Amino acid sequence: MALQSLDILRRSATTTPPPGVRKGVEVAKLIDVSACIGCKACQVACSEWNDIRAEVGSCVGVYDNPTDLSAQAWTVMRFAEHEEKDRLEWLIRKDGCMHCADPGCLKSCPSPGAIIQYANGIVDFHQENCIGCGYCVTGCPFNVPRISKEDSKAYKCSLCSDRVAVGQEPACVKTCPTGAIQFGSKEDMKDYAAERVADLKRRGYEQAGLYDPQGVGGTHVMYVLHHSDRPELYSGLPANPSISPLVSLWKGFAKPLATLALAGVALGSLFHYVTKGPNEVSKEIEDEIEAEDKEGTK
Amino acid sequence: MIRDPKDLKRYNASERANHWVVGISFILLALSGLAFFHPAFFPLTQLFGGPVWARILHPYVGVLMALAFLVIFLRFKHLNRMTAADREWLAKARNMVDGNDHDMPEQGKYNGGQKVMFWVLALCMLLMTLSGVAIWRAWFGFDITVVRLGAVVHAAAGAVMIAMIMVHVYAAIWVKGTIRAMWYGTVTRAWAKQHHRGWYRQMTGK
Amino acid sequence: MDNKGTPSVGVKINRRQFFRISAAGVGASSAALVGVMPTAAQAEVRQYKLTRAREVRNTCTYCSVGCGLLMYSLGGGPKNARAEIIHIEGDPDHPVSRGALCPKGAGLLDFIHSPGRLRYPEVREPGSNAWKRISWHEAIERIAKLMKADRDANVVDKNAEGVPVNRWISTAMLTASASSNETGIITQKFMRSLGIVATDAQARVCHGPTVSALASTFGRGAMTNSWVDIKNADFILVMGGNAAEAHPVGFRWAIEAKKQRGAKLVVVDPRFNRTAAVADHYMPIRAGSDIAFLGGVINWLIAHDKIHWDYVKAYTNAAAIVGEGYSFDEGLFSGYDAEKGKYDRASWSYELDAAGNIRTDPTLAHPRCVWNLMKAHYSRYTPEMVTNLTGTPQDGFLKVCELLGETAVPNKVGTILYALGWTQHTVGAQNIRTMAMIQLLLGNIGMPGGGVNALRGHSNIQGLSDLGLLSTALPGYLTLPNEKAHPGFTDYIAKTTPKALREGQFNYWSNTPKFFVSLMKWFWGDKATKDNNWGYDWLPKWDKLYDVLQVTELMHQGKINGFIVQGFNPLASFPDANKVVEAFSKLKYMVIIDPIATETSTFWQNQGESNNVDPAKIQTEVFRLPSTCFAEEDGAIVNSGRWLQWHWKGAEPPGEAKGDQEIIGELFVALRELYRKEGGKVAEPILNLSWPYRDPAAPTPEELAKELNGRALADIPDPKDPTRFLARKGEQLPGFAVLQDDGSTLCANWIFSGCWTQAGNQMARRDNTDTGLGNTPGWAWSWPANRRILYNRASCTPEGKPWDPSRKLIAWNGEKWAGADVPDFKADAAPDSGMGPFIMNPEGIGRLFCVDKLVDGPFPEHYEPMESPLGTNPLHPKVVTSPAVRIFKSDRERLGTHKDFPYVGTTYRLTEHFQFWTKSVRLSAIAQPEQFVEISETLAREKGIAAGDWVKVSSKRGYIKARAVVTKRVKALTVNKQTVHQIGIPLHWGWEGVAKKGFLTNVLPPAVGDCNTQTPEYKAFLVNLQKI
């Protein structure tokens, strides 16, 4: 494959720094839940642009369809009805990859180059390098990647890396009818979010705020929430997401330590052998056995 | 190597075959497992026809190893009960490692170190099997916390197991006259008398 | 390594340093050990798929927002490559959509490539159970013969009084609201030449009442403002509609008003809907009680003096004195004839002075002035009464009143967004009228950010309404002659050309003769002369309204033999679908022209429970002709804001599909040929029809668009300067002001005049420069005369200054009116000329009292739906439902009562789907795959229903089975001291398509319509519910 996109921050299962001299704009997608009508245009535009079509499912008693993310559905709307003090709220959240600054999927991935974090913040899956182990699913704090039943490769939102690469916005952003999804530099998105939060506070949402969880180093998909103190109201958005300590242990400390330990055992054995020499049967015992044999033949 | 009819039979053919099924499975698993564990080992996947094949084959080989190991376990577990002598042996293990095995207590078929190895490996194997099932996505879909725990346990138990096996293999190399027990099934009486005197007495009646 | 709280840059450095160590220690050695290293694949993104694809501009074919599309097709355009559309996304230059598309629009690619697309002409022979592929030639020949045979047998040349009526009732036709203006106008010509009056477009089943209500109040029946203008509002009420759901991209401007102006958004709806999800306040309401709510608002505004007095006094008929005969008592207005079930409207009129002008009392003291009559009429609508009728909590109702009341000042403007939630009632037009009155009282009409914004449904339903594709209409809101009122040309002109009712009014309809004669010249060409009254006798004359309910009834009675259905799915769209199937089964022939397979085209197929018919017993001969869709044609469609947007073809249609104009052209040519050869009854209108198209069998969009604009048939001298000409012979006209009544101009639709001038196709313009307040006059072209905000003269004080200087749209500059928009006014009429801002009304002012313009009363009054959950009307128990309702005996028998059907059913659309089309679109089907109904948690508990369960919803007329969505968003209401449960019933399913098969929702609602327009009452009827 040609080496054309060299603005890479991190590359899965790669121990040396990827080409990363050039520094571009760090991008972000901002989802203003307070302006989202749950129309699913983003869902459809995503499938259309990426040439994926989920199965035609069933109604399971809610508006959610497809009912979950899949290899053919990289973003889905999740609808939650929340009633508080006689006031009903329909909290609708576009779910999909958060493009973490510290991506658990990339950290977990054993296959070199299957997951790439570009310098602009996009975390992209490269199916041609994917081995289908599912470690990315294990590593993701947001439960986003899905393994295809057809090709056993992992798929998720690419933040339309192909569009962004040529200077366009992601398909979902462009299509969003109400402007609930915005795209730009991460800095601009934070500024815009601050305006939205101020507006929401004026309208009585005192806990309005930006969701840019620092547990994963911040994300390149952020939410403006009316109840930022309780993100779990939005169909279980995690309050303090971070790469699971188990995953950190597994792909963090354990990896080099165990490798070193194994090397230590190997080298230790070698040095033991050369310093102490082989453990052979002692001359005395050999003689004893010989003596016994002679006795026996007599 | 001179074969002597008076050599002592340490393992029969079935036991040896069983051991080597486990052994070969282990090598395959260790090579492919390490490849997924640390990128430095990733090129090892080429030995399996590429990373995707390595990912597909690894768990099936794992099932084979678990089954073969289970048989070995059942065969040898009664020989690996720890005794007071084993504990004494373990207490003096450092002398042994230093090559100074004159005043080690008398050992049966297995010494304390081997028994510890046996139980640790058995525990690891159990953990590897359970955690392996937990993270085998082709067939199972456990809760994400279980999968995450499984991944850690699998990696940790795997590392311990690999280390133990390295010790196991090295011990066999270091203690001359050992390896033939798993090739031909026999050891010399001298070897037995030196390293496993209890067993030597039991076998020879002396 | 857990990097909790570590900034990303820090993480990177840490990790890199760390990796250097580990890589050096282990990685390198082990790689060397193995001796292999896989190719270091870096990371290239997916190839950008559009780099050299051909890009074509189009307009979305679904709703009336008219979003801009960019269509990308494979192949660079050489003759050897067949273009295939591979991607569609929004046009970022489009002033309304700005690149956005709703879920339907975003999935348009799958519409173009739907497996349901028709590829070949087909016929289903009588009694057969299958389609048979036939050639175009055979199809056209057979259809033309069937039509001619039926016409020859049944066309009425003269009525009993000897008036030439040229009426052919026994074949009906439906026209397509998604087709272009050019298709619409050629269809109009085709139909009327044959004498077809039993015709309708989707407007009949959707926004008919809008036209009645708004025209009777303001003079024109269209959305008053534009989509983008919604951003100028301070207050937005969404009621009788669900803008976020139905018009997501237009709704962006409501969100924009919230974001930029801090506007408040309030939703009043039976359900907490998608609009409510982003609203500041939501109030529940019982379906069918909107007039009670809005009448209560009027009462509150008057009681609390929240009236924009200067506006009301200057621009409404508040001061007009009403004739003595008018009265309202116990639910009945004066003039009711109980036997006929109709009003004689003579007493609903102004008192005129000797000169024929309205008598007024500017002090508003006169007991019979409109103001006092209105005040008295709504005094009964107390907040208690409102709550009792609507079920809306009183504090919620008062909150809406207060927020609306705040806009009674000049510098606060409120708008209302509504759609079918108001139109689809027996009191549909009156629902809208009530809001129109409120907006007049608040001074919000003509204002940027104000208006009464009817959000139209289909992409070109506005255009088809404008083109008069309704039973009794002609293009440009001219009426088709009625046999009694307009037996001759002079009667017609006399009755359709009003006299001004006040001094100095523009009274634009005084130009009717110019519009009409120019239309006749388009119809009949050189054959239309002054001597033959411009061919007046050849036009069909109607005897009664042949709306879709009437046509279905006649079909059901076996009185209609043929049905031509162009881009319409009447089986799914008409109410009481079970009756409709029976009606269709009695037809001799049916012709379907559609890009996609519809339930109508397969009404003869047995679909089990959802259509349990026996094909062998159905003797209808059904033809199915594949037509192009939007992406495969050029043409213009009119969005809700009245913009005529030209679009371009991106690819060839699939298989043998043909454009609608070609299909109509071939059919007409074949018919004309038959009449030429064989002769036949009433052949003159056919043989004399002007058909000047270069290829008569395939008129082009350009030819037709130019005719819509009109051209000079002779030099038109400038009356101000005889040496100059307004237009030379053969030239395209600059606009409707140049139209003549002497036969020297031709124009197919006067209100479209200006769309294709000598300067070229104005509809194709794509300059999105904002001239102020979001106005983009250089983008496409808007009727009338490229005005974007109707009645914009009313945005200024009588002295000609903007009411709100920060919202300056136009102003009097001392010589003329000018500004960001084209003035909707006589440009040089000075403020002191006394000319009123509502130039289409003969009185020049907005009508609080709409005199005799509506059949069911000059003031809106609350009447219960035909199927009322109360069984009474607490306002006047003797008159429960509207006294002016027309209902056929057979339909009345199919009405249920609240005893058998205790719940209120209300149908609606979901944002993921468009009518019955998108169930054939994979992307849309994925987003909402299966039929469901929405019920409250209370009702679900009562019935033991859990979310996702199957339920059966039945009315007196039929039943559907669907999944249950159990939701907090629907609540039980307390109305007239009883509990009323409402069941929400989305309507998108059927048996054709790629979505899960479902039932036709419209088996449930009754076949009864709005008193004025017969738009069916889909929004409030009675049902029962059971778990299955």
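The values are calculated or read from the model by the stated rules, or taken from the named source; none is laboratory data. Remember, predicted model here, so these are calculated numbers, not experimental data. With ideal geometry, Cβ positions are generated from the backbone for all residues, glycine too; neighbour counts draw on all protein chains shown.
Listed here are the residues, each with its yes/no results for (1) more than 14 Å from every other protein chain (Cβ to nearest Cβ); (2) surrounded by fewer than 21 Cβ atoms within 10 Å (Cβ to Cβ); (3) within 22 Å of A:Glu84 (Cα to Cα).
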position: C:Lys952; (1), (2), (3): yes, yes, no
position: C:Arg957; (1), (2), (3): yes, no, no
position: C:Leu973; (1), (2), (3): yes, no, yes
position: C:His988; (1), (2), (3): no, no, no
position: C:Ala995; (1), (2), (3): no, no, no
Restricted to the stretch C:91-113 and to residues being within 7 Å of another protein chain (Cβ to nearest Cβ) and among the small types (Gly, Ala, Ser), the residue surrounded by the fewest Cβ atoms within 10 Å (Cβ to Cβ) is C:Gly99
Checked A:Val224, A:Val197 against criteria (of a type in the set (Val, Ile, Thr), surrounded by 19 or more Cβ atoms within 10 Å (Cβ to Cβ) and touching a residue at least 40 places away in the same chain (Cβ under 8 Å)); the one match is A:Val224
Subset of the stretch C:422-470, residues over 16 Å from the mean Cα position of the chain (by Cα) and outside the structural domain of C:Thr224 (by TED's automatic domain parsing), comes to none
**Prompt:** Is it true that C:Gly405 is on the phi > 0 side of the Ramachandran plot and outside the structural domain of C:Lys971 (by TED's automatic domain parsing)?
**Reply:** no
Across (1) in contact (Cβ under 8 Å) with a residue 60 or more places away in the chain; (2) buried (at least 19 other Cβ atoms within 10 Å of the Cβ), B:Arg55 clears everything bar (1)
- prompt: Does at least one position in the stretch C:920-935 carry a residue that is away from chain A (no Cβ under 14 Å) and either closer than 25 Å to C:Glu245 by Cα or out of contact with any strand residue (DSSP E or B) (no Cβ under 8 Å at 6 or more places or on another chain) (or both)?
  reply: no
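Restricting to helices (runs of 4 or more DSSP H) lying wholly in the stretch C:372-487: which have 1 or more residues that are at pLDDT 95 or above and among the small types (Gly, Ala, Ser)? If you could, list the steps in order and put the result at the bottom.
Details: elements: C:383-390, C:394-405, C:420-423, C:428-441, C:461-466.
Where helices (runs of 4 or more DSSP H) fall fully within the stretch C:372-487 and carry at least 1 residues being at pLDDT 95 or above and among the small types (Gly, Ala, Ser), they are C:394-405, C:420-423, C:428-441, C:461-466.
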Within the stretch A:162-194, residues at the interface with another protein chain (Cβ under 7 Å from one of its Cβ atoms), in contact with a strand residue (DSSP E or B) (Cβ under 9 Å, 6 or more places away or on another chain) and surrounded by fewer than 22 Cβ atoms within 10 Å (Cβ to Cβ) come out as A:Ala165, A:Gly179
Filtering the stretch C:345-365 down to residues that are surrounded by 13 or more Cβ atoms within 10 Å (Cβ to Cβ), on the phi < 0 side of the Ramachandran plot and part of a loop (DSSP other than H, G, I, E, B) yields C:Trp348, C:Ser349, C:Glu351, C:Asn357, C:Arg359, C:Asp361
Going through the stretch A:191-213 in order, the residues found to be farther than 30 Å from C:Cys67 by Cβ and of a type in the set (Lys, Arg) are A:Lys201, A:Arg202
Going by what's in this entry, would B:Arg94 be described as closer than 28 Å to A:Glu284 by Cβ, out of contact with any helix residue (DSSP H, G or I) (no Cβ under 9 Å at 6 or more places or on another chain) and in a helix (DSSP H, G or I)?
yes
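Determine whether the stretch C:701-712 contains at least one residue that is part of a loop (DSSP other than H, G, I, E, B) and either acidic (Asp, Glu) or within 34 Å of the chain's Cα centre (by Cα) (or both).
Start the filter on the stretch C:701-712 by keeping residues that are part of a loop (DSSP other than H, G, I, E, B), which leaves C:710.
After this cut, where a residue has to be either acidic (Asp, Glu) or within 34 Å of the chain's Cα centre (by Cα) (or both) as well, the list is C:710.
Yes; the residues of the stretch C:701-712 include at least one that is part of a loop (DSSP other than H, G, I, E, B) and either acidic (Asp, Glu) or within 34 Å of the chain's Cα centre (by Cα) (or both).
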Subset of the stretch A:238-294, residues β-branched (Val, Ile, Thr) and at the interface with chain C (Cβ under 10 Å from one of its Cβ atoms), comes to A:Ile243, A:Val247, A:Thr259
Notebook entry, point to check: Does the stretch A:44-66 contain at least one residue that is surrounded by fewer than 20 Cβ atoms within 10 Å (Cβ to Cβ), farther than 24 Å from A:Ser148 by Cβ, at the interface with chain C (Cβ under 7 Å from one of its Cβ atoms) and in contact (Cβ under 8 Å) with a residue 12 or more places away in the chain?
Noted result: yes
Taking the stretch C:704-731 and keeping only residues that are acidic (Asp, Glu) and surrounded by fewer than 16 Cβ atoms within 10 Å (Cβ to Cβ), one is left with C:Asp715, C:Asp718, C:Asp721
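For the stretch C:74-90, name all the residues that are more than 11 Å from chain A (Cβ to nearest Cβ) and modelled with pLDDT of 95 or more. Steps first, please.
Our first condition is that a residue be more than 11 Å from chain A (Cβ to nearest Cβ); within the stretch C:74-90, this holds for C:74-85.
Residue satisfying the conditions is C:Ile85 alone.
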Per the list (1) in contact with a helix residue (DSSP H, G or I) (Cβ under 6 Å, 6 or more places away or on another chain); (2) at positive phi, residue check on C:Gly219 breaks on (1)
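Yes or no, residue by residue, for (1) at positive phi; (2) within 24 Å of the chain's Cα centre (by Cα); (3) within 10 Å of chain C (Cβ to nearest Cβ):
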{"site": "A:Arg10", "(1), (2), (3)": "no, yes, yes"}
{"site": "A:Cys39", "(1), (2), (3)": "no, no, yes"}
{"site": "A:Arg87", "(1), (2), (3)": "no, no, yes"}
{"site": "A:Lys94", "(1), (2), (3)": "no, yes, no"}
task = Might you check whether a residue that is surrounded by fewer than 21 Cβ atoms within 10 Å (Cβ to Cβ), assigned by TED's automatic domain parsing to the domain that holds C:Asn1002 and closer than 20 Å to A:Val60 by Cα occurs anywhere in the stretch C:899-914?
result = yes
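Can you find even one residue in the stretch B:122-131 that is touching an Asp or Glu at 6+ places or on another chain (Cβ under 8 Å), surrounded by fewer than 15 Cβ atoms within 10 Å (Cβ to Cβ) and either more than 14 Å from every other protein chain (Cβ to nearest Cβ) or in a helix (DSSP H, G or I) (or both)? Show your work before the answer.
If we filter the stretch B:122-131 for residues that are touching an Asp or Glu at 6+ places or on another chain (Cβ under 8 Å), which is where we start, we get none.
Looking through the stretch B:122-131, none of the residues is touching an Asp or Glu at 6+ places or on another chain (Cβ under 8 Å), surrounded by fewer than 15 Cβ atoms within 10 Å (Cβ to Cβ) and either more than 14 Å from every other protein chain (Cβ to nearest Cβ) or in a helix (DSSP H, G or I) (or both).
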Review point. Does A:Pro112 satisfy being out of contact with any Cys (no Cβ under 8 Å at 6 or more places or on another chain), modelled with pLDDT under 95 and not aliphatic (A, V, I, L, M)?
Key: yes
Margin query: Just checking, does the stretch A:105-119 include any residue being of a type outside the set (Lys, Arg), in the same structural domain as A:Gly184 (by TED's automatic domain parsing), under 28 Å from C:Glu912 (Cβ atoms) and in a loop (DSSP other than H, G, I, E, B)?
Written below: no
Sole miss for C:Ala178 among (1) over 30 Å from C:Phe489 (Cβ atoms); (2) hydrophobic (A, V, I, L, M, F, W, C); (3) modelled with pLDDT of 95 or more is condition (3)
Listed by first then second residue, the pairs whose first member lies in the stretch C:959-970 and is more than 7 Å from chain A (Cβ to nearest Cβ), whose partner is assigned to a loop (DSSP other than H, G, I, E, B), with beta carbons under 6 Å and at least 6 positions apart or on separate chains, are C:Ile960/C:Phe999; C:Ala962/C:Gln931; C:Val970/C:Arg271
- Query: Taking the condition surrounded by fewer than 24 Cβ atoms within 10 Å (Cβ to Cβ), facing another protein chain (nearest Cβ under 10 Å) and within 21 Å of the chain's Cα centre (by Cα), does A:Gly20 pass?
  - Reply: yes
